[in-house]
């Protein structure tokens, strides 16, 4: 569990660095546009690429911290033991969904690699974004499976 926590935190740090880079690129582009009339070529593409990767990189830490939305309208008055079972089942469902998403993202990345698709302005290869998204999706799925098997109490000790 400590390794999963470390990997989730590392993914979040990388995501934060990516979003900081996006912010700097956007600021440089806006300053250039408003002062000299020039912008950075492909700033929108860089923003989209980095934001897509950053979103998936934040998912493992969100799952680790049990930060997903929980609708407990019907279960709030049930015993904590019943809610723990529902939480584990929910973690299993989330992990299965994310592992399916990781698989399909990987297939999409292979397709983008084989067809050599690139972004319009910069010609940035799209498969790189897919490749950056697969590992955090898999990690999130693995964290969900661990939560399902060992419960959420195991995280507190890690």
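Just give me the residues in the range 22-57 being touching a helix residue (DSSP H, G or I) at 6+ places or on another chain (Cβ under 6 Å), closer than 29 Å to residue 140 by Cβ and surrounded by fewer than 18 Cβ atoms within 10 Å (Cβ to Cβ), in sequence order.
The answer is 25, 47, 52.
Cβ contacts < 6 Å: first residue assigned to a helix (DSSP H, G or I), restricted to the range 29-48; second residue surrounded by fewer than 11 Cβ atoms within 10 Å (Cβ to Cβ), any location; separation 6+ or different chain. Result?
32/38
Quick one: which of 110, 101 is under 30 Å from residue 40 (Cα atoms), modelled with pLDDT of 90 or more, assigned to a helix (DSSP H, G or I) and out of contact with any strand residue (DSSP E or B) (no Cβ under 6 Å at 6 or more places or on another chain)?
110
Which of the residues belonging to the range 14-51 are modelled with pLDDT of 90 or more and within 24 Å of residue 103 (Cα to Cα)?
Those that are modelled with pLDDT of 90 or more and within 24 Å of residue 103 (Cα to Cα): 14, 15, 18, 50, 51.
Scan the range 63-71 and tell me whether some residue there is at positive phi, more than 13 Å from the chain's Cα centre (by Cα) and touching a residue at least 60 places away in the same chain (Cβ under 8 Å).
Checking the range 63-71: at least one residue is at positive phi, more than 13 Å from the chain's Cα centre (by Cα) and touching a residue at least 60 places away in the same chain (Cβ under 8 Å).
Test of understanding: among 137, 93, which residue is modelled with pLDDT of 95 or more, in a helix (DSSP H, G or I) and closer than 23 Å to residue 5 by Cβ?
Going through 137, 93 in turn, the sole match is 137.
Please determine whether any residue of the range 74-86 is within 17 Å of the chain's Cα centre (by Cα), part of a helix (DSSP H, G or I) and surrounded by 14 or more Cβ atoms within 10 Å (Cβ to Cβ).
no
Of all residues being out of contact with any helix residue (DSSP H, G or I) (no Cβ under 8 Å at 6 or more places or on another chain) and at pLDDT 95 or above in the range 1-13, which is surrounded by the most Cβ atoms within 10 Å (Cβ to Cβ)? Just the residue, please.
Checking each candidate, the answer is 10.
If the Cβ limit is 9 Å and pairs must be 6+ apart or interchain, which residue in the range 117-129 that is at positive phi and surrounded by fewer than 16 Cβ atoms within 10 Å (Cβ to Cβ) pairs with which residue that is modelled with pLDDT under 85 and assigned to a loop (DSSP other than H, G, I, E, B)?
From residues that are at positive phi and surrounded by fewer than 16 Cβ atoms within 10 Å (Cβ to Cβ), the pairs are 123/42.
The values are calculated or read from the model by the stated rules, or taken from the named source; none is laboratory data. Keep in mind the model is a prediction, meaning the values are calculated, not measured. Note: ideal-geometry Cβ built from the backbone for every residue, glycine included; neighbour counts use all protein chains shown.
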